[in-house]
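Undergrad: Just dropping this structure here.
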Amino acid sequence: MDIENKKIADIKPAGEKKSDVQFVSDFKDEKIGIDDSGDLMNKLKNFLDLSFETIRVVIVSLVIIFVVRSFVLQPFFVDGASMQPNFHDGDYLIVNEIGYRLENPERGDVIIFRYPGDPSKFFIKRVIGLPGETVEIRAGVIKIYSDENRDGFVLDESVYLQEGTVTSGNVFETLSEGEYYVLGDNRSASSDSRIWGKLENRFIIGKAWVRAWPFDNFAVFDGEEYQN
């Protein structure tokens, strides 16, 4: 758009002959940078759109992380030697929290739970006895009684215990609905149901699902199958 600076000549009083009107341009024609202004607005709009999209992605990601951490998966570090040789001090585990909302723990599952004596502490143990069963430990042998096995059966733990492991204690414990009997794999160095009793379902957080650290010992845990 061309703009010309115009100067109007003096107008003489009425009755006098009007002089010619002269137009004098003091400046050369210049173009206002409308195109440049439009580019700036487009860049600003693109920046704002990108900023809003980034904020939206961050918020959604944080919500997903919160939901996953709170209700689905949660990381834990193993502290201590009670589950050796299968889990070691410092192992970084991903725990499946949602699985037990859909089904109950099974024998052989390695679970993470709040210690009944002090719920601020977390323990990791293996499920040995299930609700409705009776667990007997005598002379280093574990025997399980249930409605289906009234005479009981000896629990074969050779798949995950080191040869020669002895389960000490003299136990005859009947489990009610929602109660479990748990033991550490390192039987001689584990604080478990032999010491503090049955574990109620309400204390269970979830099942050990993945060992993510150390990398050279990465593993996914599917549970154990017993030959009983």
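No lab work stands behind these numbers, since they all come straight from the coordinates. Because the structure is predicted, anything quoted here is derived from the model rather than measured. When we count neighbours, we look across all protein chains shown, and the Cβ atoms used for this are built from the backbone with ideal geometry, even at glycine.
Undergrad: Counting other C-beta atoms within 10 Å, and keeping those with at most 12, which DSSP coil trypsin sites (Lys or Arg not before Pro) do you find in segment 133-211?
TA: Here the trypsin sites (Lys or Arg not before Pro) that fit, given the DSSP loop and packing criteria, are ARG150.
Undergrad: Output the Kirkwood hydrodynamic radius of segment 78-220, Cα pairs only, in Å rounded to one decimal.
TA: In segment 78-220 this quantity evaluates to 15.6 Å.
Undergrad: Still on this model: Calculate the spin-label point distance for PHE122 paired with ASP39, positioning each point 7 Å from the Cα along the beta-carbon direction, and give it in nanometres.
TA: 5.5
Undergrad: At 7 Å along the Cα-to-beta-carbon direction for both ASN104 and ASN170, put a label point, then send me their distance in nm to one decimal.
TA: Reported label-point gap for ASN104 and ASN170 is 3.1 nm.
Undergrad: Over segment 101-171, with a single point scatterer placed on each C-alpha, what log10 of the ratio I(q)/I(0) does the Debye formula yield at q = 0.15, 0.16, 0.24, 0.27 1/Å?
TA: Values, matching the q order: -0.63, -0.71, -1.24, -1.29.
Undergrad: Report the charge-dipole magnitude of segment 71-129 in Debye, nearest 20, computed about the Cα centre from +1 at each Lys and Arg Cβ and -1 at each Asp and Glu Cβ.
TA: Charge dipole of segment 71-129: 140 debye, to the nearest 20.
Undergrad: OK, next. Using a cut-off of 13 Å between beta-carbons, work out the net charge of the residues near ASP91 (Lys and Arg +1, Asp and Glu -1, ASP91 not included).
TA: -3
Undergrad: Between GLU163 and ASN217, 0.36 nm times their residue separation minus their Cα-Cα distance comes to what?
TA: My answer for the length gained is 17.3 nm.
Undergrad: Same structure again: So the label point goes 7 Å from the Cα of GLU148 along Cα→C-beta, right? Which residues of segment 105-130 then have their backbone N under 18 Å from it?
TA: Counting only backbone N, you get 105-109, 127-130.
Undergrad: To continue, here is another question. Can you pull out the GluC sites (Glu not before Pro) in segment 174-220 whose DSSP state is coil and whose Cβ has at most 10 other Cβ atoms within 10 Å?
TA: Within segment 174-220, the qualifying GluC sites (Glu not before Pro) (loop, at most 10 other Cβ atoms within 10 Å) are GLU177.
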